[in-house]
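The values are calculated or read from the model by the stated rules, or taken from the named source; none is laboratory data. What you see is a predicted model; the values in this text were computed from it and never measured. Positions of Cβ are generated from backbone atoms using ideal geometry, with glycine treated the same way; all protein chains shown enter the neighbour counts.
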Amino acid sequence: MKRFLALIAALFILLFPVQSSATMLNPESPQAQDESADLTETTEPSTASTLELDAQGAVLIEQETGKVLYEKNKDEKLYPASTTKILTALLAIENGNLDEIVTVGNEVNLTPRDSSLACIDVGEQITLKDLLVGLMVSSGNDAALAIGAHIGRIVSGDPDMPYTQALDKFYELMNKRAAELGATNSHFANPHGYHDQNHYTTAYDLALIAREAMKHEVFREIVQITYREYPDWNEVDKNDPTKKATRYWVNKNKLLDKNSKECYYPYATGIKTGYTSYSGNCLVSSASKDGMNLIAVVLKSTRNGQWSDSKKLLEYGFEHYTMYEPLKQDQVIATTEVHNHASEDSGTLDILVAQGFRDVIAKEDVAKIQQNIEWYYTDENNQLHLEAPIYKGQAVGKLTYTLDGKTIWQSDLIAARNVERKKTIVDMITPDPGDESTASGKWYSNPWIIVVALLFLLIVTVFYTLRHRRRRRKYSLWRYR
C-alpha cells in the first residue's frame, strides 16, 4: 500500500511542478499597473545670472513643459495692451470655423478712434482666418471686436444675438478660459486690450495663454507673418477703378523684421506687441533653437527695452538650458532570458521603458543626473531573473533619474511581449476551452488523454492484483496453521 501511495505522489509531482512567485503575477495585479510618473520640477542653474531688464514684469518659460526659466515680478498685475489679442485669437481658433465667412456688424463702430486698425468695414464679408490675420499682424482692434461678437454668438448658440450681448458673452469666455489655463491673476474686459482699469494680467498668466495658443499650427503660422496685402471691401484703387484698393497689414514685431538690424532676432517665431500710455511697451515673443521652444513676456517696458529685454530673456534660455531626452517611450532598456519558457519560444525578452523622458534641464546639471534601475524579480546575485509566464506590459522593474539626490523622473520597465511557460503533462491533457474538438465533446482526439487513462487503469489493475494475492497468502497461512 505504501508503495502505491508513493507512486501516486510521484505522479502528481511530475504533473504539477511548483511555480516561482514571478510566474504567478497577474497583469491586472497592482504591481503590474503602470507606476510611471513625471516628477520633474523647475530647475535653475546654480549660477543663475541676474538680467538687467527695463520691464517691470517679465518671465521666460519653455513652451513644451511650461517650466519657468527666469522671472521678474512674474505675478505682478499689469496692463497687457494688445497682447490681449493672443487670448482673442485662441478662443477664435478653439470655438470657430476658420473658413467660415463672417459678416462684420456694427460692433466695429465701438473701436476707439486712436487705436490700431485693420480697416474692417461694416457689412464686409471676410473669413474668420483673415480676421485673425488682421487681428495679429495689423493688431486691428476692429478685427478683435468682429471676432468677439462672432464667437460670442457661437458659444451662446444664438446667431441673431445683438452684438453688445455677444461681446459680453465673449468677455465671460475670455475670463473662463484664462482661469482654466491657470491665469488666475487676470481679468479681461475687452477683446483688444485698449486701456480699462479692470483689464489686467501678469507676465506669467500671459505666458500660459501664449503657450496654449502656440499649440495650434494656424496660430504659429499667423504670428510669423510680417506683411500682408489684403483687398479693401469698399474702396477702389484710385489708379484703376476696376480694382479694389489695398489694405496693408504690417507686423510691428521687430524681432521678425530682417531689415531691423538692432532688433531682429534670427530665432524668433512670434508673437505679439502691445502699447498704451498706461501699459508701456509690451511684447510676448517666442523663439526656437536646437530643438527647444521658448516664450518670453515683458510688460511695462520701454520703447527699446521691449526688444532688448526679450532678446536677453531668450538668449539666457538658450545659453543656460537644453532639451534633455535620454529616453523615448518604448525604448529597449535591456534584453533578458526568461526561464521555464515554452519550447517553441526563444525565451528572449526585451524590457521597455513605459514612458519617455524629455525635459528642459540646466546645461550645467546634465552631467550630474544619475540613472538607477530597480528590478522587481532578482536572483541570489540581485540580477534580473524572470520565469514564464510573462505578460506584455507587465512591470518588471523601475527606472529612476535623480539630480542631487532628488528624483526628477521615473517610469516602470515593462515586458515587450507575452512569454508562455513550458507545458506540463497536465497542460497537455487539460481540455482547452477554445479547442473546437473538446468543445464538441471529442475528447478522444487528444492522444495524451488515452495514454493517461490507460496508465491509470494499469496502476489500478496492479494494485488490486497485489492486494488480492496478499489476501490469498494470508488465508493459506491461516488455513494450514
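Take Ile361 and decide whether it is crowded, with 18+ Cβ neighbours inside 10 Å and within 18 Å of Glu420 (Cα to Cα).
Here the answer is no, as Ile361 does not meet what is asked.
Quick check on this structure: which one of Lys328, Lys311 is under 23 Å from the mean Cα position of the chain (by Cα) and among the basic types (Lys, Arg)?
Step by step, each of Lys328, Lys311 is checked, and only Lys328 is under 23 Å from the mean Cα position of the chain (by Cα) and among the basic types (Lys, Arg).
Across the range 50-75, what is the number of residues that are surrounded by fewer than 21 Cβ atoms within 10 Å (Cβ to Cβ), within 25 Å of the chain's Cα centre (by Cα) and of a type in the set (A, V, I, L, M)?
Residues that pass the stated criteria total 1.
When you go through (1) at pLDDT 95 or above; (2) surrounded by 13 or more Cβ atoms within 10 Å (Cβ to Cβ) one by one for Asn198, which number turns out not to apply?
(2)
Is there any pair with a first residue in the range 404-424 that is touching a residue at least 24 places away in the same chain (Cβ under 8 Å) and a second that is of a type in the set (Ser, Thr, Tyr) and assigned to a loop (DSSP other than H, G, I, E, B) whose Cβ atoms are under 7 Å apart and which are 6 or more apart or on different chains, and what are they?
Ile408/Thr40; Trp409/Thr40; Gln410/Ser36; Ser411/Ser36; Asp412/Ser36; Ala415/Tyr391; Asn418/Tyr391; Lys422/Ser343
How many residues are assigned to a loop (DSSP other than H, G, I, E, B) and more than 18 Å from Ala268 (Cβ to Cβ) when one looks only at the range 304-356?
14
For the range 291-302, give me the residue count where each residue is touching a residue at least 40 places away in the same chain (Cβ under 8 Å) and surrounded by fewer than 16 Cβ atoms within 10 Å (Cβ to Cβ).
1
Hey, any hits in the range 261-276 for a residue that's among the basic types (Lys, Arg), within 24 Å of Ala89 (Cβ to Cβ) and assigned to a strand (DSSP E or B)?
Yes, that holds for at least one residue.
Which condition from (1) more than 25 Å from the chain's Cα centre (by Cα); (2) crowded, with 24+ Cβ neighbours inside 10 Å is the one that Asn106 breaks?
Going through (1) more than 25 Å from the chain's Cα centre (by Cα); (2) crowded, with 24+ Cβ neighbours inside 10 Å one by one, Asn106 breaks only (2).
Which condition breaks for Thr50 when tested against (1) under 16 Å from Ala296 (Cα atoms); (2) at pLDDT 95 or above; (3) outside any helix (DSSP H, G or I)?
Single failed check for Thr50: (2).
Being part of a helix (DSSP H, G or I) and out of contact with any Lys or Arg (no Cβ under 7 Å at 6 or more places or on another chain) is the filter; apply it to the range 62-86 and report the residue that is nearest to Thr184 (Cα to Cα).
Going through the qualifying residues, I end up with Thr84.
Yes/no per residue for (1) farther than 27 Å from Gln197 by Cβ; (2) outside the structural domain of Lys77 (by TED's automatic domain parsing):
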position	(1), (2)
Trp249	yes, no
Tyr278	no, no
Val284	no, no
Ala287	yes, no
Asp290	yes, no
Trp307	yes, yes
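Specify which of the listed residues (Gly305, Gly280, Gly317, Gly347) is touching a His at 6+ places or on another chain (Cβ under 6 Å) and surrounded by 16 or more Cβ atoms within 10 Å (Cβ to Cβ).
One residue alone meets the criteria, Gly347.
Residue by residue, here is whether (1) on the phi < 0 side of the Ramachandran plot; (2) surrounded by 12 or more Cβ atoms within 10 Å (Cβ to Cβ); (3) not hydrophobic (A, V, I, L, M, F, W, C) holds:
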| site | (1), (2), (3) |
| --- | --- |
| Arg220 | yes, yes, yes |
| Asn239 | yes, no, yes |
| Trp249 | yes, yes, no |
| Asp257 | yes, yes, yes |
| Glu262 | yes, no, yes |
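Scan the range 224-242 for residues that are of a type in the set (S, T, N, Q) and either over 23 Å from Lys252 (Cα atoms) or at pLDDT below 85 (or both) and jot them down.
If the condition is that a residue be of a type in the set (S, T, N, Q) and either over 23 Å from Lys252 (Cα atoms) or at pLDDT below 85 (or both), then Asn234, Asn239, Thr242 are the ones that fit.
Look at Ala178 and say whether it is at pLDDT 95 or above, touching a strand residue (DSSP E or B) at 6+ places or on another chain (Cβ under 6 Å), surrounded by 15 or more Cβ atoms within 10 Å (Cβ to Cβ) and on the phi < 0 side of the Ramachandran plot.
For Ala178, the condition - at pLDDT 95 or above, touching a strand residue (DSSP E or B) at 6+ places or on another chain (Cβ under 6 Å), surrounded by 15 or more Cβ atoms within 10 Å (Cβ to Cβ) and on the phi < 0 side of the Ramachandran plot - is not met.
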